[in-house]
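Shown next, in C-alpha cells, is the structure this report addresses.
Derivation of every value follows stated rules applied to the coordinates shown; laboratory data play no part. Because the structure is a prediction, the values reported are computed rather than measured. In this analysis, Cβ positions are derived from the backbone assuming ideal geometry, glycine residues included, and neighbour counts consider all displayed protein chains.
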Amino acid sequence: MSDTRALGEALDAASRAASLLVATDFDGVLAPLMLDPRRSAPLPGTIESLRAMATLPDVHVAVVSGRDLRTLRSLTGIGTSEPIVLIGSHGAESSSAAVRPAMAAGPSAEDEIRLAALREDLSAVIGGHHPEAGLEFKAAAVTVLTRGLATDVADRANHAAREVARRHDGVRVLTGKSILELTISEADKGSAIAALGDDRRATARIYLGDDVTDEDAFARMTGPTDVTIKVGAGPTAARYRLDDETAVAETFRALRDLLASRRPERSPTREHTG
C-alpha cells in the first residue's frame, strides 16, 4: 500500500479545487471481482458516498467500466435522473453527451457486419473447443471470460480468441483480469475521463482503477492536482495505491466527509443537464 499520509495530503489538496472530478472503475474497485460477473455488487456505502459527493457544488462524479452501459446502470443502481455520469464499454458509451464527442463515431453499417462476423466466429471457436470459458456480448465487442479457470485452460481459450482476432480486420484486443476483449471500438477510458473533465472545467481529477484498461486514464492524468490510485497489486502509472475494495470504501467515506466540510450541499432543485 502506498503512503497513507501522502495519499491523504493529495486528496486534501484536490478537495480544495474550484471544480473537482471524482471518477472510479467498477469491478475490482467498487465491487469485488466475482466468478460470475452477473453477481457483482458494490460494497455497502460506496455508491452512497458517490451520491453524497455528487450533491456538493462543483463536485462531479463518474463511474467508468468495461461493462456495457445498461449492465453498469443495473449493477450500480444509479438512476437516469441522478447527477452521476456512467461511462461504459471502456469509454465507447456514456450517459453524458459531454463525453460522446471524444469517442470514436458509433458503429457504421459496415462495423455492425464486422462485429456480427466476429461474434459468430468467436462463438464457434470458444463454444466448440473451449466451453469452460464464457462469452459476454457488448455493443462493440465480445469478451472472453476465464475467471476461476485453471491457468492452462484459460491460456488455451485466450490463445484461440487471439487467433480469431487476427482473422478479422479492425479488431483490437484488450487484456484484463481473467478477461480478453475483442473490440471494434477505438474508445478508451482515458479519453472519456479527459472529455468529461474538460466539460466540467475540472481543476483537479481523482481516478481509481484496478486493471490494465485503467492505465489509459492514469497515463492521461498527469496534472499537479490529479490523484491517480491503483487498487491492488501490479505495475502501474498511478501515483498512489490502495490494497483492496474495502480500502476504497473507507477512502470514499473520508473524501465524502472532507468535501462536505468544505462545500455546502447543492440545492436539490438544481437541474442536472448531464
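The table below gives the values:
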| item | result |
| --- | --- |
| Neighbour-count ranking [beta-carbon atoms within 10 angstrom, fewest first] of Leu11, Leu259 | Leu11, Leu259 |
| Separation between Cα centres of the range 149-228 and the range 18-87, rounded to whole Å | 17 Å |
| Ranking of Thr225, Thr55, Thr251 by count of other Cβ atoms within 10 Å, fewest first | Thr225, Thr55, Thr251 |
| Tilt relative to the chain, helix 245-262 - C-alpha long axis, 0 to 90 degrees, to 10 | 30 degrees |
| 5 angstrom amide H check on Val227, placed H, neighbours 5+ away | Arg205, Ile206, Tyr207 |
| Relative contact order of the chain, pairs being alpha-carbon contacts under 8 Å that are 6 or more residues apart, as % | 26 percent |
| Overall Cα dimensions of the chain, principal axis frame, Å, largest first | 58, 39, 31 |
| 0 to 90° range, to nearest 10: angle between helix 189-199 axis and the chain longest Cα axis | 30 degrees |
| Calculated [θ] (222 nm, deg cm²/dmol) that DSSP helices of n ≥ 4 give over the chain, each run adding -39,500 (n - 2.57) | -11500 deg cm²/dmol |
| Theoretical gain in end-to-end length, Phe137 to Arg201 [0.36 nm per residue, Cα-Cα removed] | 19.6 nm |
| Ala117-Ala247 pseudo-label distance in nm [points 7 Å out on the Cα-to-Cβ vector] | 4.6 nm |
| Alpha-carbon Debye profile of the range 109-183, log10 I(q)/I(0) at 0.12, 0.21, 0.23, 0.27 Å⁻¹ | -0.27, -0.83, -0.99, -1.35 |
| Which of Tyr240, Tyr207 has the fewest Cβ neighbours within 10 Å, and the rest in rising order | Tyr240, Tyr207 |
| Using alpha-carbon coordinates, inclination of helix 151-166 to the longest axis of the chain, degrees | 80 degrees |
